[in-house]
Amino acid sequence: MQRPTDQPIFLDHAASAPLEPRVAARMCECLRDPALQANPSSAHGPGRAAATIVAQARAQVAALIGAEPAAIVFTAGATESVNLAVLGTARAAPVGHRHVVTARTEHRAGLESCRELEREGYEITWLRPGSCGAVSPEQVGAALRPDTALVSLLHANNEIGVLQDIAAIAALCNERGVPLHADAAQSVGRIPVDVNALGVALLSFCAHKLGGPKGVGALYVRRRPRPALRPLVFGGGQEAGLRSGTLATHQLAGFGLACELAAQELPGEEPRVRALRERLWAGLEPAAPVWRNGAVEPSAPGILNVCFPGIEGESLLFALEGRLAAASGSACSSASAEPSYVLTAIGRSELAAQASLRLSLGRGTTAAEVDAAAVLLVAAVLRLRRAAPPTASERIA
């Protein structure tokens, strides 16, 4: 996928990956076919034709994570999937089970779902990660109680890319009969993810992080043993009663193909993107002092979060406007002027958090783009530092 020369270098794949042209073409085919405009829940011929497309997409999505098609619940995106997993599981828990374990570095979808449970009277244990950005299985094990209804954790952090040891945490949870939900929006399609190997009860992800369309996602719900789950949306009883509403056939066709393509290309793409990330990091060395936020490994291959002492990330992005698309935090927090809560949770000062950028690479990223981005960043950093007070870098820790 070649980038038009008049477009900025796109290093914001963690927010949303560009729509894959083959996926766009597949969705257009569905939209142009009159036979596929029927409701896939209808029993007549056109409805059955649409249902066939939905079934194919469900199988493609399931195959990417090693699941049975029947374990996939389609939603409007990862945020809804996370809400359904967290709120739906907690509210369906046995009487007296009103305790949930999560981390302070979760995506806002998980944080706000847990805060809503707090308002409903649930007790939340907020785990604080180490300086690498991960919580340990020991921390989770120590937090589990007889009344724990759910553990919910990111698989790959959306700001710093660190991977949690979900398999080890799941083993502890399964021993105690506690469902574990993994938010895998940043890992599915970017590293191998197998729900059976991980041992999770629930796993959420979406299409637009892996080259599919926005507005569609999935929640994997383990079949055996099946976690109790209460729906958030009521109506026609679609998706086994867990998510009512008419399914968008063309969206699901795009989601399914995006998953199939991701599975095919993953063996080559994961090491390629990881190597490009390290090439970008090496290219930023002339901007020293500069440091990485979070663990180098294990991590999602495409996320590099860097701190440039002496400047503000927002000022750097402004200086690069039109030439480089990146982020000073997660896309869901970009409207806030507050420093990244993820970076402050792992011990960075507010000044350091404000001096950091998230650079995220993906399928379309090339070596030439990485080299050009490094040159642009180094030049902008040095220019901004020359204009800053001499002590600006010294105040950052």
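Scan (1) modelled with pLDDT under 95; (2) among the aliphatic types (A, V, I, L, M); (3) in a helix (DSSP H, G or I); (4) over 27 Å from H208 (Cβ atoms) for the single condition V378 breaks and write down its number.
All conditions are met except number (1).
Do we find that A300 is touching a Cys at 6+ places or on another chain (Cβ under 7 Å) and more than 26 Å from R383 (Cα to Cα) in this structure? Break it down into steps so the answer makes sense when it comes.
On the way: touching a Cys at 6+ places or on another chain (Cβ under 7 Å): no; more than 26 Å from R383 (Cα to Cα): yes.
Here the answer is no, as A300 does not meet what is asked.
Quick one: is L324 buried (at least 21 other Cβ atoms within 10 Å of the Cβ), under 20 Å from R385 (Cα atoms) and aliphatic (A, V, I, L, M)? Break it down stepwise before answering.
Numbers: buried (at least 21 other Cβ atoms within 10 Å of the Cβ): yes; under 20 Å from R385 (Cα atoms): yes; aliphatic (A, V, I, L, M): yes.
Judged against the criteria, L324 is a match.
Quick test of your reading of the structure: A253 fulfils all but one of (1) modelled with pLDDT of 95 or more; (2) in a loop (DSSP other than H, G, I, E, B). Name the failing condition by number.
With respect to (1) modelled with pLDDT of 95 or more; (2) in a loop (DSSP other than H, G, I, E, B), A253 is out only on (2).
Only one of these is under 19 Å from the mean Cα position of the chain (by Cα), surrounded by fewer than 19 Cβ atoms within 10 Å (Cβ to Cβ) and either farther than 25 Å from I169 by Cα or at pLDDT 95 or above (or both): R128, R108. Name it.
Details: R128 fails: under 19 Å from the mean Cα position of the chain (by Cα).
Being under 19 Å from the mean Cα position of the chain (by Cα), surrounded by fewer than 19 Cβ atoms within 10 Å (Cβ to Cβ) and either farther than 25 Å from I169 by Cα or at pLDDT 95 or above (or both) holds for just one of R128, R108, which is R108.
Hey, can you tell me all the residues within the range 206-220 that are buried (at least 20 other Cβ atoms within 10 Å of the Cβ) and either free of Cβ contacts under 8 Å to residues at least 60 places away in the same chain or part of a loop (DSSP other than H, G, I, E, B) (or both)? Give the steps one after another, and end with the answer.
The first filter runs over the range 206-220 and keeps only residues buried (at least 20 other Cβ atoms within 10 Å of the Cβ), leaving 206-213, 216-220.
If the condition is that a residue be buried (at least 20 other Cβ atoms within 10 Å of the Cβ) and either free of Cβ contacts under 8 Å to residues at least 60 places away in the same chain or part of a loop (DSSP other than H, G, I, E, B) (or both), then A207, G211, G212, P213, V216 are the ones that fit.
Yes or no, residue by residue, for (1) over 22 Å from D194 (Cβ atoms); (2) assigned by TED's automatic domain parsing to the domain that holds P227; (3) of a type in the set (S, T, Y); (4) part of a loop (DSSP other than H, G, I, E, B):
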| position | (1), (2), (3), (4) |
| --- | --- |
| V101 | yes, yes, no, no |
| E106 | yes, yes, no, yes |
| S113 | yes, yes, yes, no |
| G141 | yes, yes, no, no |
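Which residues, counting only those in the range 16-37, are hydrophobic (A, V, I, L, M, F, W, C) and buried (at least 18 other Cβ atoms within 10 Å of the Cβ)?
Pass one, the range 16-37, residues hydrophobic (A, V, I, L, M, F, W, C): 17, 19, 23-25, 27-28, 30-31, 35-36.
Selection gives A17, L19, V23, M27, C30, L36.
From the list R223, R243, R230, R277, pick out the single residue that is surrounded by 19 or more Cβ atoms within 10 Å (Cβ to Cβ) and either in a loop (DSSP other than H, G, I, E, B) or hydroxyl-bearing (S, T, Y) (or both). Show your work before the answer.
Working: R223 fails: surrounded by 19 or more Cβ atoms within 10 Å (Cβ to Cβ); R230 fails: surrounded by 19 or more Cβ atoms within 10 Å (Cβ to Cβ); R277 fails: either in a loop (DSSP other than H, G, I, E, B) or hydroxyl-bearing (S, T, Y) (or both).
Result: R243 is the single residue among R223, R243, R230, R277 that is surrounded by 19 or more Cβ atoms within 10 Å (Cβ to Cβ) and either in a loop (DSSP other than H, G, I, E, B) or hydroxyl-bearing (S, T, Y) (or both).
For the range 159-175, give me each residue that is in contact with a helix residue (DSSP H, G or I) (Cβ under 8 Å, 6 or more places away or on another chain) and not aliphatic (A, V, I, L, M).
Correct list: E159, D165, C173.
Report every pair of residues separated by at least 6 positions or lying on different chains whose Cβ atoms are under 7 Å apart, first residue within the range 103-115 and over 17 Å from C206 (Cα atoms), second among the polar types (S, T, N, Q) and surrounded by fewer than 24 Cβ atoms within 10 Å (Cβ to Cβ).
Once the first residue is over 17 Å from C206 (Cα atoms) and sits in the range 103-115, its partners that are among the polar types (S, T, N, Q) and surrounded by fewer than 24 Cβ atoms within 10 Å (Cβ to Cβ) give S113/N83.
Restricting to the range 29-53, count the residues that are within 24 Å of A78 (Cβ to Cβ) and without any contact (Cβ under 8 Å) to a residue 24 or more places away in the chain.
Count: 0.
In the range 304-328, what residues are assigned to a helix (DSSP H, G or I) and of a type in the set (A, V, I, L, M, F, W, C)? Break it down stepwise before answering.
Step one: list which residues in the range 304-328 are assigned to a helix (DSSP H, G or I), which gives 313-319.
Residues satisfying the conditions are L316, L317, F318, A319.
Restricting to the range 174-186, name every residue that is assigned to a helix (DSSP H, G or I) and either at positive phi or out of contact with any Gly (no Cβ under 8 Å at 6 or more places or on another chain) (or both). Give the derivation first.
Just the residues of the range 174-186 that are assigned to a helix (DSSP H, G or I), to begin with: 174-176.
Correct list: E175, R176.
Please go through the range 156-180 and give me each residue that is surrounded by fewer than 24 Cβ atoms within 10 Å (Cβ to Cβ) and either touching a Lys or Arg at 6+ places or on another chain (Cβ under 7 Å) or under 22 Å from V306 (Cα atoms) (or both), ordered by number.
The answer is L163, and nothing else.
Between T102, T148, which is touching a helix residue (DSSP H, G or I) at 6+ places or on another chain (Cβ under 7 Å) and not aliphatic (A, V, I, L, M)? So that I can check it myself, show each step before the final result.
Working: T148 fails: touching a helix residue (DSSP H, G or I) at 6+ places or on another chain (Cβ under 7 Å).
Among T102, T148, only T102 is touching a helix residue (DSSP H, G or I) at 6+ places or on another chain (Cβ under 7 Å) and not aliphatic (A, V, I, L, M).
Just one of D147, D183 is crowded, with 24+ Cβ neighbours inside 10 Å and assigned by TED's automatic domain parsing to the domain that holds L84; which is it? Walk me through how you get there before you give the answer.
Numbers: D147 fails: crowded, with 24+ Cβ neighbours inside 10 Å.
After applying the criteria, what remains is D183.
Mind checking whether some residue in the range 65-77 is part of a helix (DSSP H, G or I), in contact with a helix residue (DSSP H, G or I) (Cβ under 7 Å, 6 or more places away or on another chain) and touching a residue at least 12 places away in the same chain (Cβ under 8 Å)?
yes
Looking at A207, A184, A218 in this structure, which one is modelled with pLDDT of 95 or more, within 19 Å of the chain's Cα centre (by Cα) and within 21 Å of V296 (Cβ to Cβ)?
Unique residue meeting the criteria: A184.
The values are calculated or read from the model by the stated rules, or taken from the named source; none is laboratory data. Only a predicted model underlies this, so the values are computations on that prediction, with no experimental measurement involved. Note that we place each Cβ from the backbone using ideal geometry, even for glycine, and neighbour counts take in every protein chain shown.
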